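*Asks:* Questions regarding the structure given below will be posed in turn.
What follows draws every value from the coordinates through simple rules; no lab data is involved. In this text, all values refer to a predicted model and were calculated from it rather than measured experimentally. We place every Cβ from the backbone using ideal geometry, glycine too, and count neighbours over all the protein chains shown.
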Amino acid sequence: QVQLVQSGAEVKKPGASVKVSCKASGYTFTSYYIHWVRQAPGQGLEWMGVINPSGGSTTYAQKFQGRVTVTRDTSTSTVYMDLSSLRSEDTAVYYCARPSISARDFEYWGQGTLVTVSS
Amino acid sequence: QSALTQPPSASGSPGQSVTISCTGTSSDVGGYNYVSWYQQHPGKAPKLMIYEVSKRPSGVPDRFSGSKSGNTASLTVSGLQAEDEADYYCSSYAGNYNYVFGTGTKVTVL
């Protein structure tokens with residue numbers, strides 16, 4: 001069965017960076033894009049970006065361009081999301097998600113990783 | 001890319017129907033048949049309920065249905081049940097590998 005398992009919660013100071021991992025299993029890693037979506041406390045879902053694990057190409061939401069980097073390691077079927085210059089507004093649960101065969105949705109989700117930015 | 005507009009809340013009694021709207025633009029909802037809907041219970045990851053405007057993934061009850069007209073998509077939950085009480089989000093493909101989510105709607109079963 002498809003599983004996306006994310007790394008654990010993080011506490012970071014303003015200005016620092018955080019790297020969240022998402023390990024995929026149960027399917028061919030290079031066959032499906034992986035997205036990152038975040039949700040601030042009590043707020044809605046926000047799409048951040050996507051990677052094609054096959055070639056490594058990425059697309060980021062304009063809001064995060066210059067601050068987010070998504071990479072992958074095909075040897076371990078793991079995708080990483082690096083967010084830099086953290087500020088308090090980046091406190092959120094970060095999810096990785098994989099689409100269905102339609103490729104334009106988010107069918108499988110990781111369990112989420114809480115990133116807290118606090119001085 | 002601005003968030004798609006959803007009503008903050010919707011409610012209905014058990015057995016009734018509730019419809020949630022999701023309004024975007026011709027660059028997202030109106031431009032592609034790639035609208036999806038998600039159910040999220042507190043503290044849980046979202047769950048895909050509808051994809052490609054009106055298709056249901058395996059295991060999603062047929063009480064859930066989706067449609068689209070112009071720049072507005074809709075999710076209807078028929079025969080409301082207590083477990084349908086949750087937050088619902090729409091999402092749309094917006095071209096060039098970009099996506100956008102709706103503002104979210106809290107559904108209350110009275």
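*Asks:* Once you average over the residues of A:48-54, how many Cβ atoms of partner chains fall within 10 Å of each Cβ?
*Replies:* If you average over the peptide's residues, the count of other-chain Cβ atoms is 1.
*Asks:* Over the stretch B:1-52, what per residue volume does the convex hull of the Cα atoms give, in whole Å³?
*Replies:* Normalising the Cα hull of the stretch B:1-52 by residue number yields 117 Å³.
*Asks:* A follow-up question, please. Return the average number of partner chain Cβ atoms within 10 angstrom of each residue Cβ along peptide B:93-103. Before the final figure, lay out the partial values.
*Replies:* On the way: counts 4, 2, 0, 1, 11, 7, 13, 4, 7, 2, 3.
So the per-residue partner count for this stretch is 5.
*Asks:* Of the DSSP beta bridges with both residues in the protein assembly as shown, give the percent that are antiparallel, rounding to the nearest 5.
*Replies:* Among the beta bridges of the protein assembly as shown, antiparallel pairing accounts for roughly 90 percent.
*Asks:* Could you work out how far the C-alpha centroid of the stretch B:1-56 sits from that of the stretch A:90-115, in angstrom?
*Replies:* A separation of 16 Å, based on Cα centres.
*Asks:* Starting from the Cα of B:K68, draw a straight line to each of the aspartates and glutamates and keep only those under 18 Å, dropping any in the same chain fewer than 8 residues away.
*Replies:* A:D105, B:D28, B:E52
*Asks:* Once amide H atoms are built 1.01 Å from N in the peptide plane, which residues 5 or more positions from A:I34, or in another chain, come under 5 Å H to H?
*Replies:* A:I51
*Asks:* Could I have the simple spin-label model distance between A:R87 and A:Y27, label points 7 Å from Cα toward Cβ, reported in nm to one decimal?
*Replies:* Computed distance between label sites A:R87 and A:Y27 equals 3.5 nm.
*Asks:* Let me ask something additional. Per 5 Å bin from zero, what fraction in whole % of the C-alpha pairs of the protein assembly as shown is there, up to the bin with the longest pair?
*Replies:* P(r) over the protein assembly as shown, rounded to whole percents: 1, 7, 15, 18, 19, 17, 12, 7, 3, 1, 0.
*Asks:* In the structure shown, do any of A:K12/B:K44; B:K55/B:K106; A:K13/B:K44; A:K13/B:K106 have a Cα-Cα gap over 28 Å, and if so which?
*Replies:* A:K13/B:K106
*Asks:* Let me ask something else. What does the average come to when, for each residue of peptide A:97-107, you count the partner chain Cβ atoms lying within 10 Å of its Cβ?
*Replies:* Average per residue, whole number: 6.
*Asks:* Can you compute the charge dipole magnitude of the protein assembly as shown about its Cα centre, using +1 on each Lys and Arg Cβ and -1 on each Asp and Glu Cβ, nothing else charged? Give it in debye, rounded to the nearest 20. All intermediate terms of the calculation are to be shown ahead of the outcome.
*Replies:* Numbers: 18 positive and 15 negative charges, 70 e Å.
Magnitude of the dipole: close to 340 debye.
*Asks:* If you don't mind, another one. Run the simple label-point estimate for B:T108 and A:K13 please: 7 Å along Cα→C-beta, distance reported in nm.
*Replies:* 4.4 nm
*Asks:* How large is the Rg to Rh ratio of chain A when both quantities use alpha carbon positions and Rh follows Kirkwood?
*Replies:* Using only Cα positions, Rg/Rh for chain A is 0.95.
*Asks:* Relative contact order of the stretch B:50-107: what whole-number percent is it, with Cα pairs under 8 angstrom and at least 6 residues apart? Display every interim value, and only then the final one.
*Replies:* Details: 68 pairs, mean separation 12.5, N = 58.
RCO, the stretch B:50-107: 21 percent.
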